[in-house]
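Below is one structure, written out as structure tokens; comments come after it.
The values are calculated or read from the model by the stated rules, or taken from the named source; none is laboratory data. A quick note: this is a predicted structure, and the numbers were derived from the prediction, not measured. Note: ideal-geometry Cβ built from the backbone for every residue, glycine included; neighbour counts use all protein chains shown. What goes into the accessible areas is simple: the full protein's heavy atoms, side chains included, and nothing from ligands, DNA or RNA. Shrake-Rupley method; radii C 1.70, N 1.55, O 1.52, S 1.80 Å.
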Amino acid sequence: MKTVNELFDFSGKVIIITGGAGAIGSAAARRFASLGANVVISDINQEKLDELAADIEKESAHATLGFKADSTVEAELQALVDATIGKFGKISGLINNVGWGAATPLWESDTDKMVKSYLLNTVGAYNLTKMCMPYLKKELNASVVFSGSMVGVTPSPEFIEYSTAKAGLLNMVHSMAVMSGPEVRFNSLIIGSVDNGAATLAAGYDPAMLQRLSDAMVLKRRGEPEDIANAFMFLMSGAASWITGIDLKVDGGGMYTSKMPKK
Ligand SMILES: NC(=O)c1ccc[n+]([C@@H]2O[C@H](COP(=O)([O-])OP(=O)(O)OC[C@H]3O[C@@H](n4cnc5c(N)ncnc54)[C@H](O)[C@@H]3O)[C@@H](O)[C@H]2O)c1
């Protein structure tokens with residue numbers, strides 16, 4: 001039987017993380033680097049990428065690549081894959097984490113907003129995964145994990161573009177899972193409300209609303225980015241080598257009890 005240390009040893013693995021400069025992406029990058037991986041963090045925020053890549057290299061002593069790429073632009077995703085192969089020669093795992101959603105009431109969206117959300121939350125993940133597949137197939141226990149959302153599962157008419165795109169993401173991952181075994185495993189997280197600092201406040205939620213949201217959760221707090229990083233770690237690890245096609249809820253028990261409160 002393998003030891004726990006062996007199951008969670010990521011030495012020699014090369015893991016791409018999109019949205020890598022954000023709250024959840026950067027926690028995931030630090031987690032995997034601390035377990036021995038070379039992480040490739042991709043984002044549109046060059047400044048944060050540079051800062052984070054330098055920090056991770058210092059903390060973990062593992063080579064790290066920060067690569068600016070817009071996940072909605074195919075050519076930039078291909079450049080990300082090429083740069084990863086150029087620097088590390090392989091891709092062992094992928095975390096399709098990039099995503100974002102504005103609050104839009106049910107009947108106030110339009111074609112442009114719906115399509116933009118779909119491109120960012122769903123199509124970008126499809127394109128990058130397709131580009132990585134030839135490399136993933138060569139690796140032992142290759143794994144791809146996606147950042148889904150609670151709002152993609154429960155009716156969420158106040159986030160109509162985002163919730164529709166995240167719902168599509170889950171179905172897409174199921175299709176990938178049934179077609180891609182045994183070489184590559186595909187799983188999603190269904191993420192509940194996580195503290196991502198300024199991003200939530202910028203979307204219009206004030207601290208009192210967020211407190212009401214925490215109070216409505218079974219575990220009485222919003223998630224920390226590290227809570228999500230730990231779930232990524234499990235699904236990417238040897239401990240999950242017989243798990244594919246699942247949607248793992250990481251939501252503080254909030255899916256059935258909490259809803260983003262109104263002002
Ligand atoms: N925080 C939550 O409460 C929550 C809940 C459910 C699901 N999620 C999902 O988790 C994932 C990460 O969320 P987070 O809270 O860390 O968000 P965040 O806003 O902190 O990070 C998102 C990152 O994505 C980057 N980004 C935005 N558009 C991009 C693009 N076109 N190309 C490349 N990068 C781009 C941003 O620069 C940012 O660094 C997202 O998919 C989100 O939908 C988050």
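Brief remarks follow.
- Label-to-label distance for Glu59 and Trp100 is 2.3 nm, based on points extended 7 Å past Cα in the beta-carbon direction.
- Restricted to Cα atoms, the chain shows a radius of gyration and a Dmax of 17.6, 56 angstrom.
- Pairs exceeding 19 Å between alpha-carbon atoms, taken from Lys13/Lys87; Lys90/Lys138; Lys13/Lys68; Lys68/Lys166: Lys13/Lys68; Lys68/Lys166.
- Spin-label zone in the range 96-140 - amide nitrogen under 20 Å from a point set 7 Å from the Cα of Leu201 along the C-beta vector: 101-103
- Convex hull (Cα only) mean projected area of the range 7-141, reported in nm² to one decimal: 8.7 nm²
- Protein accessible area in the chain, 1.4 Å probe - carbon and sulfur %: 59 percent
- Taking 7 Å steps out from each Cα toward its Cβ at Trp107 and Gln211 produces label points 3.5 nm apart.
- Calculated Rg and Dmax of the range 8-71 using C-alpha coordinates, Å: 10.3, 31
- The three principal axes of the Cα atoms in the range 105-159 give end-to-end lengths of 46, 23, 8 Å, sorted in falling order.
- The length gained on full extension between Ala239 and Ala79, counted as 0.36 nm times the residue separation minus their Cα-Cα distance, comes to 54.4 nm.
- Peptides 59-66, 14-21 ranked from most to least packed give 14-21, 59-66, packing being the mean of other C-beta atoms within 10 angstrom over each peptide's residues.
- Isotropic mean projected area of the C-alpha convex hull, the range 73-123 (nm²): 4.4 nm²
- Antiparallel beta bridges, as assigned by DSSP with both residues in the range 4-250, represent about 0 percent of the total such bridges.
- At the listed q of 0.19, 0.20, 0.33, 0.34 Å⁻¹, the Debye profile of the range 179-221, built from one uniform point per Cα, gives log10 I(q)/I(0) equal to -0.65, -0.69, -1.17, -1.18.
- Take 128-138, 225-235 and order them by the average number of nearby Cβ atoms within 10 Å per residue, most first; the result is 225-235, 128-138.
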